[in-house]
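Some notes on the structure that comes next.
The values are calculated or read from the model by the stated rules, or taken from the named source; none is laboratory data. Because the structure is predicted, anything quoted here is derived from the model rather than measured. Neighbour counts are summed over all protein chains in view; Cβ atoms, including those assigned to glycine, are modelled from backbone coordinates with ideal geometry. Please note that ligands, DNA and RNA were not included when accessible areas were found on the heavy atoms of the full protein model with its side chains. Shrake-Rupley method; radii C 1.70, N 1.55, O 1.52, S 1.80 Å.
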Amino acid sequence: MQKVNQQSNPVLLVHGIWDTGKVFRRMIPFLNQRGLKVYDLDLAPNDGTVGLDDLAQQVAAKVEATFGKEQPFDLLGFSMGGIVSRYYIQRLGGINRVQRFIALSAPNHGTVIAYFNQGLGCVQMRPNSHFLKDLNSDVQMLSQINFTSIWTPYDMMIFPASSSKMPVGDNVVVSVMNHAWMLTDEKSLRAIATALSSPVTEREGGSEGVGEE
């Protein structure tokens, strides 16, 4: 029989390009009110000039400094932070610590907007980049944890918006009219809270869901 884990874990939030942890100022109290202990960090530099693999090392360092060695935790990455978080999980051993992972409006298959910036991190976020091809080559790894991709079809920063859709885990679509509003809109926040409260089980494959309208 599969073991189901319904405990609440601490949550680490990873921001996107040109942002800091302050971008979660609406999300953190929303989750705190639901009994979750939430942490964030400031990635530096935050302008896409360095590789996302280097930024993922900062996530790893934050985890080691914040959580006990055996402490499981949940992880949410917004936009660029979603790809940074994936690298931490898939390449830096995070798969052994993270129990729930939310990619919020993440360019999992790239975004054409990244062509407007020549920084290494942006080059890595371009469609068909070597970096994304490598991460997506063993994306089935994410089936080992409770993984949710939350995205909006109206996202003009992740273009095409369907780049956020993943072949594993749960794909939750919310009707939010702006990329940045995914951090503050009630529909998005409720979808995040739902994903963070779901039981943790070992899953194979995934399903497609639709968030609240």
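Is region 1-73 rounded, prolate or oblate when judged by the Cα gyration tensor, a ≥ b ≥ c being the square roots of its eigenvalues, rounded requiring a/c under 1.5 and prolate requiring a/b larger than b/c?
On the way: a/c = 2.42, a/b = 1.46, b/c = 1.65.
Judged from the Cα gyration tensor, region 1-73 comes out oblate (a/c at least 1.5, b/c at or above a/b).
For LYS22, which lysines qualify as cross-link partners when the Cα separation must be under 24 Å and same-chain residues fewer than eight apart are set aside?
Within reach: LYS37, LYS62, LYS187.
Viscosity 0.890 mPa s, temperature 25 °C: Stokes-Einstein D of region 48-98 from its Kirkwood Cα radius, in µm² per second? All intermediate terms of the calculation are to be shown ahead of the outcome.
Values: Rh = 11.0 Å.
So the translational diffusion coefficient is about 224 µm²/s.
Using the heavy atoms of the protein chains alone and a 1.4 angstrom probe, what is the accessible area of region 63-213 per residue in square angstrom? Display every interim value, and only then the final one.
Values: 6200 Å² over 151 residues.
Each residue of region 63-213 exposes 41 Å² on average to a 1.4 Å probe.
With Cβ to Cβ distances under 11 Å as the rule, what net charge do the other residues near VAL11 carry (K, R +1; D, E -1)?
Details: positive: ARG34, LYS37, ARG100; negative: ASP40, ASP74.
Residues close to VAL11 contribute a combined charge of +1.
Taking the dipole about the Cα centre of region 110-194, with the C-beta of Lys and Arg at +1 and of Asp and Glu at -1, give me whichever of SER143, ALA180, LEU120 is farthest to the positive side.
LEU120
Please state the shape class of region 127-190: rounded when a/c is under 1.5, otherwise prolate if a/b exceeds b/c and oblate if not, all from the C-alpha gyration tensor.
Values: a/c = 2.83, a/b = 1.45, b/c = 1.95.
Because a/c hits 1.5 or more and a/b fails to exceed b/c, region 127-190 counts as oblate.
Can you give the charge dipole size of region 23-72 about its Cα centre, rounded to the nearest 20 debye, using +1 on the beta carbon of Lys and Arg and -1 on the beta carbon of Asp and Glu? Numbers along the way, then the final one.
On the way: 6 positive and 7 negative charges, 89 e Å.
With only Lys, Arg, Asp and Glu charged at Cβ, the dipole is about 420 debye.
Non-local amide H neighbours of GLY48 (under 5 Å, H modeled in plane, Pro and chain starts lacking H): which ones?
Distant-sequence amide H within range of GLY48: TRP18.
In terms of solvent-accessible area of protein heavy atoms at a 1.4 angstrom probe, what is the ranking of HIS109, HIS130, highest value first?
On the way: HIS109 80, HIS130 155 Å².
Order by accessible area, largest first: HIS130, HIS109.
Can you give the charge dipole size of the chain about its Cα centre, rounded to the nearest 20 debye, using +1 on the beta carbon of Lys and Arg and -1 on the beta carbon of Asp and Glu? Working shown, then result.
Working: 18 positive and 20 negative charges, 60 e Å.
My answer is approximately 280 debye.
Quick one: with all protein chains in place, what share of the accessible area of region 1-106 is carbon or sulfur, to the nearest percent (1.4 Å probe)? Kindly include the intermediate steps, with their values, before the conclusion.
Details: 2160 of 4600 Å².
Answer for region 1-106: carbon and sulfur cover 47 percent of the accessible area.
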